[in-house]
Amino acid sequence: MKQGNLKLPEPIQQRLGTQAGRQRAIVEEGALLLVLHQVPSPEERERVAVLFHRTADGSWHSSERGPGLPALKQLLDRYDERISELDDAYESADSSYTYLRVLESVAPLVRAARNLHAALQSAREAIGPAPELIEVRDHAETIQRTIELLQEDARNGLTYRIAEQAEAQAVISRRMATASHRLNLVAAVFFPLTAFGSMLGVNMRTGLETRPVEWFWILFATVVFAGCVLYLRIATPQSAPVTGVTARRPSASKSRVE
């Protein structure tokens, strides 16, 4: 782990490993070392650590350039800037894909913000009265709350988009079913007529050739009547009995009832 120009006490040095590890506060002999992470991004697999050392006399030092306490505040400001960028991306999201991209970017930031606040809170409890720690701890708490709210809003936005698309697909399906039903009704009316016309077009002697023309109209009326009956049969909703299925209301869990 890169320590920059920090001169750490031996007890703290012994508790550091070669990897950054999780964000944490290490307190030994009145000295404090904050192991924090830079603002993460979804593409990064390894977190970049930054160290902040508070000596027993209250002076701050950092593994970054510049004084320790201003560097710590600048780190929190970079979290704010990243949250602002994601908030703008959320506001401009207009599809499920864009909401998903926001969630992918928010997820590592949520974990980092939680651990950041936990580390600063642990340092505050271990060091005791320290106004500068209280200030950065409260700032980290605001960061955590803001990013968690953004994550929840992005999830709600994604859920809404999915529900909206499912509803639109259901409307399209209903329209297609209605159109298909209407075509079935038209076919029901003309199917007997088509069959009757096909029968008359067959080149064979049926005996109707010598009958009076009234027989033709009688048969025509018969097939039209059959078409109307078939039309009514299709147009009337049929309720199929449901067997073997019993509707059951889900019961509340024991913890909710109690």
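State all residues of region 43-100 that are surrounded by fewer than 17 Cβ atoms within 10 Å (Cβ to Cβ), more than 20 Å from GLU148 (Cα to Cα) and among the hydrophobic types (A, V, I, L, M, F, W, C); if no residue qualifies, say none. Within region 43-100, VAL48, ALA56 meet the criteria. Just one of the numbered conditions (1) out of contact with any Pro (no Cβ under 9 Å at 6 or more places or on another chain); (2) closer than 18 Å to ARG47 by Cβ; (3) surrounded by fewer than 16 Cβ atoms within 10 Å (Cβ to Cβ); (4) of a type outside the set (Phe, Trp, Tyr) is not true of ALA107: (1).
Within the group ILE127, ILE147, which residue is closer than 19 Å to GLN74 by Cβ and touching a residue at least 12 places away in the same chain (Cβ under 8 Å)? None of the others qualify; the one that does is ILE147.
The single condition from (1) assigned to a helix (DSSP H, G or I); (2) farther than 20 Å from VAL39 by Cα; (3) out of contact with any strand residue (DSSP E or B) (no Cβ under 6 Å at 6 or more places or on another chain); (4) not β-branched (Val, Ile, Thr) that PRO129 fails is (1).
Per-residue answers, yes or no, for (1) part of a helix (DSSP H, G or I); (2) in contact (Cβ under 8 Å) with a residue 24 or more places away in the chain:
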position: GLN19; (1), (2): no, no
position: VAL35; (1), (2): no, yes
position: GLY58; (1), (2): no, yes
position: LEU72; (1), (2): yes, yes
position: GLU85; (1), (2): yes, no
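Could you tell me whether any residue of region 216-232 is in a helix (DSSP H, G or I), at pLDDT 75 or above and over 21 Å from PHE190 (Cα atoms)? The answer is no, given that none of the residues of region 216-232 is in a helix (DSSP H, G or I), at pLDDT 75 or above and over 21 Å from PHE190 (Cα atoms). In summary, SER41 fulfils each of the numbered conditions (1) touching a Ser or Thr at 6+ places or on another chain (Cβ under 9 Å); (2) at pLDDT 85 or above with the single exception of condition (2). Residues in region 21-33 that are outside any loop (DSSP other than H, G, I, E, B) and over 34 Å from the mean Cα position of the chain (by Cα) were compared, and the one that is nearest to SER63 (Cα to Cα) is LEU33.
Yes/no per residue for (1) among the acidic types (Asp, Glu); (2) at pLDDT 90 or above; (3) in a helix (DSSP H, G or I):
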position	(1), (2), (3)
ASP88	yes, yes, yes
VAL106	no, yes, yes
ALA113	no, yes, yes
HIS117	no, yes, yes
GLU125	yes, no, yes
ARG137	no, yes, yes
ILE143	no, yes, yes
LEU149	no, yes, yes
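One residue stands out among those in region 44-65 that are in contact with a strand residue (DSSP E or B) (Cβ under 7 Å, 6 or more places away or on another chain) and basic (Lys, Arg): the one that is modelled with the lowest pLDDT, which is ARG47.
The values are calculated or read from the model by the stated rules, or taken from the named source; none is laboratory data. If you're wondering where the values come from, they're calculated on a predicted model, not measured in any experiment. Here Cβ is always computed from backbone atoms with ideal geometry, including for glycine, and neighbour counts include all displayed protein chains.
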